[in-house]
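Beneath this line is the structure, given in structure tokens, with notes to follow.
Rule-based calculations on the coordinates, nothing more; no lab input. Keep in mind that this is a model prediction, so the values were computed, not measured. Cβ sites come from the backbone with ideal geometry, for glycine too, and all protein chains shown count toward neighbours.
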Amino acid sequence: MEFHVYENARAACEAAGVLIAAQITRKGDSVLGLATGSTPIPAYEMLTQWYDRGVIDFDRVRTFNLDEYVGIDHKNPLSYHAFMQEHLFSKVNLRPENVHLPSGNGAADAEAYDKAIHGAGGIDIQLLGIGRNGHIGFNEPADDFTYGTHVVTLTADTIEANARFFKSADEVPRQAVSMGIGNIMAAKCVVLVATGENKAKAVYDTIRGPITPRVPASVLQLHPCCVILTDREAGKLMLEE
Ligand code: GLP
């Protein structure tokens, strides 16, 4: 597991953009695993800029997003479909048929999504943020690690953390469809970005803690190609070691 601390959040996220751009440069038909949340936005900005300058080309790139809320209209600006349109898909030459997100319809989604990832040859590089409780995608702390794409009931902590995007916590959907830990672990390379002091404990537990489904990201200790990029705040407990 590689761990790098950057002076600020922007630099940490842009470094993730560098790794994704390098992957696309190396393999034009790369399969990207993409993430939502506020953390990856600068990475998408960098990818858009490099696309505009002709450095990278998304014509043959395929993408699979980690997750989507259950029962949310894809046109709702708070859906992850809308988020991806706004921050990446509308800005680069990704072909609509090459872009995939769980539909958010529930269990029926799950098996089809895993088949589609498999059919694309698996994910070359998976971008991840992390929840304050160590969740990745929407894989919440649990008794067991999940394998494939599945329906998740969000924890109170995640509902509260994500309420900042909605009018109130009451409006946050209670369920989501998420790739499982198995899908994430099957990616050839994983890049996790964490910024801000409220992620410091999750980062420390991910890297130094026991491998446990109570801290879902801790399983990444077993991944053969995992890079964790943080700003000074999120890397604080690691720096204090
Ligand atoms: C959501 C997403 C995660 C994301 C997390 C953190 O729960 N499902 O993929 O990592 O939020 O978001 P943020 O980057 O805004 O802190």
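Taking a ≥ b ≥ c as the square roots of the eigenvalues of the Cα gyration tensor, region 15-167 is prolate, since a/c reaches 1.5 or more and a/b is larger than b/c.
Compute the Kirkwood hydrodynamic radius of region 125-241, taking the inverse of the mean of 1/r over all pairs of distinct Cα atoms, and give it in Å to one decimal. Averaging 1/r across every pair of different Cα atoms and inverting gives 14.4 Å.
Under the membrane-span-like helix rule (DSSP H runs whose alpha carbons stretch at least 20 Å along the helix axis, mean Kyte-Doolittle hydropathy -1.0 or higher), the chain yields 9-26. Once you reduce region 132-192 and region 1-49 to the center of their Cα atoms, the two points are 20 Å from each other.
Beyond 28 Å in Cα-Cα separation lie the following of the pairs 75/236; 75/167; 75/199; 27/91; 167/199: 75/236; 75/199. Taking chymotrypsin sites (Phe, Trp or Tyr not before Pro) across region 69-132, none is in a DSSP loop with at most 10 further Cβ atoms lying within 10 angstrom of its Cβ.
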